[in-house]
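Everything on this sheet refers to the single structure shown next.
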Amino acid sequence: MVGALTTAAAGMEAQQNWMDSLSNDIANVSTTGYKSQRVGFRSLLYQAPGRGAGEGAVTGAGSAAEIIGENFEQGSLEQTGRSLDVALTTPGFIRVRTPAGATALTRAGNLQVSADGQLRTAGGDALDPPVQIPRGIDEEKLSIAPDGTVSAGKRKVGQISLVEVTNPNGLQPDGEGTWVPTAASGPIREARGARLQQGSLESSNVDLANVMTNLSEAQQGYELAGKAVTTQDEVLAVANGLIR
Amino acid sequence: MDSGLYIAASGMLAEMVRQEQISNQLANANTPGFKSEGNVQEGFGELLLHNTVTGARVGSLSLGAEISETPLDLTPNPLHETGEPLDFGIEGEGFFAVNTAQGVRYTRDGQFTTDAEGNLVTPSGDQVLGANGGPVKLRADGTVAAGSVGVFNVTGVKQEGENLYTGNQAGAGSGRVRAGFLEESGVDAARVMTEMISSFRSLEADQKSIQTIGETLSESAGSVGALS
C-alpha cells in the first residue's frame, strides 16, 4: 500500500524532468542553431492492486518523462552581414571535426579564421574536410555559395561539407552546439538539397511563449502530484492510527 | 466476532486502492493520450437479517466492499498543436498500432520519432503500423503524410503501461490523424482532486468505525461479567 506514495512521487519526478528540459530551452533562447528538446511522457506499468480490489481492477504506477530527441524545425534567420556567418536554410548540418578528432555536426554557422588560417566554428571545431584560408586574403572578401563552396574572388579555397542523417532524433547532443552521429541516427551522408545563406545566422528555434505555457503546465502537474504525495502520507497515517 | 470490524476494514482497503488509482491519474496529468479510469465499488454480497423472536425482516447487511472494476474512459480528448512534424493526434475514435516485442499494442500517444532506416517508431523504438499494416516510411523531408499512419478500432481495451493498451483489432478507426498535434491527457484535475479528498474522508470514517467497534469489543471483554 506504500505503492500510492511512490506512484505520486514518480509523477513529481516526471514533471521535474520536463521543467529541467524547459529551463534548458529558456537558457538557450539566443544560442545560434539551438534546437528545442522534445520531452516524452509515458505511463508506467499497470497491475492488479491486490487486497481491496477484485479481478477486474488495475492501478498504474505513475509516469516518467524523458528527452526523446529534438525539434529540428527551422529557426528564423538573423541578418548579420558578416561574411563568415552562414545559416542553413534547409534541413541538414555542417560537418566539423572536434579538437579530439571526432566527427560532429552543427547548425551554428558563426565561423571564424583561427590563428593557423583554418575556418573553425565558435566552439573551436575545424570544418571537416578542413578549409584553409590562404595568407593575405581579407576574410571580408570571402564568398560562400549556397552549396558551401568557399571562394576568394574567383578562386575556390575550400568547401563546407553539408550532410544529413536519416534520423536526426537519434543524434547525441554533446552540449557544445554540436551533435555526434550514433547507430540510431544512421550514417552521415552528403545532403544535396542543403543550402547555406551567407551573412546570416540561424536563431534558436525556442518559442518562448510556447515554453512558458509548457512551464506553467509542468508546474501545475508538479503541484498536483505533490498534493497526491501529501494525501498518500495522510492515508498511511490514518492506517497507522488504527492502533493507538 | 463482530462482522462490522471486517466490513469497515474492507472499506478502508477499497479506499486505499482508490487512492492508488487517484495518485496514478494525478501523476499522468501531462501524459499525451492518457486515458483515466473510473472505479466500480461492489459489495461482497448481502445477508438478510430477521428478528429472531418475531421473524420480521430487519433489512440487509452488507459484508463489505471492494473495487471490482476500473473501467477505462476512452472519450477522445482535445488535441493541442505542438508544431513538431512527428507528433500525431487522432481526432475522434481509434488507436495507433505499434509492433512491440510482445505483439501488436495500441496507443493514443502519437509522440513518435524515426529509426536509422527512416521508419516511424515510438520513442522506445517500436514500429508504428500504417493503414495497410506495414511500417510507415518517412518522406525525404523528414515528415510523414498524416493519412499514411494507421488508425484502428480496438475492442476489449486494457491498460498495460508505457502508454500502451492491449485489445483486439476490429477494422479501421473513424478518427482522423493530424500531424503536429498531440492528444491531451484525459485527467480532469479538478474532478480527481475532489475524488481524492472525498475518498480520504471515507477512509477516515472507516477508521473511526473500526476504532469504535474495537472499543465496544474491549468494553464487552473487560467490563461485562466483572464482579466489581
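What follows draws every value from the coordinates through simple rules; no lab data is involved. As the structure is a prediction and not an experimental result, all values here were calculated from the model. Cβ atoms come from the backbone with ideal geometry, glycine included; neighbour counts cover every protein chain shown.
Side notes on the structure shown:
- Given their separation in residues at 0.36 nm each and the Cα-Cα distance between them, B:Leu227 and B:Ala101 gain 38.0 nm when the chain is fully extended.
- Which listed pairs, of B:Lys35/B:Lys137; A:Lys35/B:Lys158; B:Lys158/B:Lys208; A:Lys35/B:Lys137; B:Lys35/B:Lys208; A:Lys35/A:Lys227, have C-alpha distances above 31 Å, in listed order: A:Lys35/B:Lys158; B:Lys158/B:Lys208; B:Lys35/B:Lys208; A:Lys35/A:Lys227
- Remark on B:Glu93: its backbone amide H falls under 5 Å from those of B:Ser174, B:Gly175, a criterion applied only to residues 5 or more positions apart or on other chains, H modelled at 1.01 Å from N.
- Seen from B:Ser36, the other residues with C-beta closer than 11 Å to its C-beta sum to a net charge of -2, counting Lys and Arg as +1 and Asp and Glu as -1.
- Relative to the longest principal axis of the Cα atoms of chain A, the long axis of helix A:208-240 lies at roughly 20 degrees.
- A dipole drawn for the protein assembly as shown from +1 and -1 charges on Cβ atoms has a positive end, and of B:Ile67, A:Gly170, B:Gly180 the residue lying farthest that way is A:Gly170.
- Using C-alpha pairs under 8 Å with a sequence gap of at least 6, the mean separation divided by the residue count of chain A gives a relative contact order of 27 percent.
- At an R0 of 41 angstrom, the distance between the Cβ atoms of A:Leu45 and A:Ser143 translates into a FRET efficiency of 0.10.
- Across peptide B:109-115, the mean count of Cβ atoms from other chains lying within 10 Å of each residue's own Cβ comes to 6.
- Estimated FRET transfer efficiency (A:Met212, A:Ile243; beta-carbon r; R0 51 Å; 0.05): 0.55
- Among the trypsin sites (Lys or Arg not before Pro) found in the range A:139-175, those both in a DSSP coil and sparsely packed, with 16 or fewer other Cβ atoms within 10 Å of their Cβ, are A:Lys154.
- The listed peptides B:26-32, A:67-73, A:7-13, ordered by packing as a protection proxy, come out as B:26-32, A:7-13, A:67-73 (highest mean of other Cβ atoms within 10 Å first).
- Using θ = phi - 60° in the Karplus curve 6.51 cos²θ - 1.76 cosθ + 1.60, the 3J(HN,Hα) couplings for the range B:113-130 round to 9, 10, 9, 5, 8, x, 8, 6, 9, 7, x, 8, x, 8, 5, 8, 8, x Hz; x is entered for Gly and Pro.
- Proxy reagent accessibility, fewest Cβ within 10 Å first, across A:Val163, B:Val128: A:Val163, B:Val128
- Report note on the peptides B:171-179, A:18-26: ranked by the mean count of other C-beta atoms within 10 Å, highest first, their order is A:18-26, B:171-179.
- Computed from phi, the 3J(HN,Hα) profile of the range A:99-110 under the Karplus parametrisation 6.51, -1.76, 1.60 (θ = phi - 60°) reads x, 6, x, 8, 7, 9, 10, 8, 10, 8, x, 7 Hz, with x in place of Gly and Pro.
- Cα-centred dipole magnitude for the protein assembly as shown, charges only on beta-carbon of K, R (+1) and D, E (-1), debye, nearest 20: 1320
- Exercise: per-residue mean of other protein chain Cβ atoms within 10 Å, A:229-235: 5
- Theoretical FRET efficiency, 1/(1+(r/R0)^6), r = Cβ-Cβ of A:Arg82 and A:Ser23, R0 22 Å, to 0.05: 0.10
- Shown here for the range B:126-169: trypsin sites (Lys or Arg not before Pro) in loop regions (DSSP other than H, G, I, E, B) with at most 14 other Cβ atoms within 10 Å, namely B:Arg139.
- Taking a Cβ cut-off of under 14 Å around A:Gln79, the surrounding Lys, Arg, Asp and Glu residues balance to a net charge of -2, with basic ones at +1 and acidic ones at -1.
- Percentage relative contact order, the range B:67-197, counting C-alpha pairs under 8 Å, at least six apart: 32
- A full extension of the chain between B:Arg57 and B:Thr75 corresponds to an added length of 2.0 nm, given 0.36 nm per residue minus the alpha carbon distance.
- Folded to 0 to 90 degrees: helix A:3-27 orientation relative to chain A principal axis, Cα: 20
- Using θ = phi - 60° and Karplus 6.51 cos²θ - 1.76 cosθ + 1.60, couplings along the range B:155-168 (whole Hz; Gly, Pro as x): 10, x, 5, 10, 6, 10, x, 6, 6, 9, 10, 9, x, 10
- Mean Cβ count within 10 Å, highest first, over the residues of peptides A:95-105, B:53-63: A:95-105, B:53-63
- Length-normalised contact order of chain B in % [C-alpha pairs under 8 Å, at least 6 apart]: 26
- Where labels lie 7 Å past Cα in the beta-carbon direction, separation of B:Ser218 and A:Thr103 in nm: 7.7
- Since only B:Gly55, B:Leu26, B:Thr82 are under comparison, the one whose Cα sits farthest along the positive direction of the charge dipole of the range B:1-94, derived from C-beta charges on Lys, Arg, Asp and Glu, is B:Gly55.
- Per residue of peptide B:7-19, the mean number of Cβ atoms on other chains within 10 Å of the residue Cβ is 6.
- C-alpha long axis of helix B:3-27 to longest principal axis of chain B, angle in °: 20
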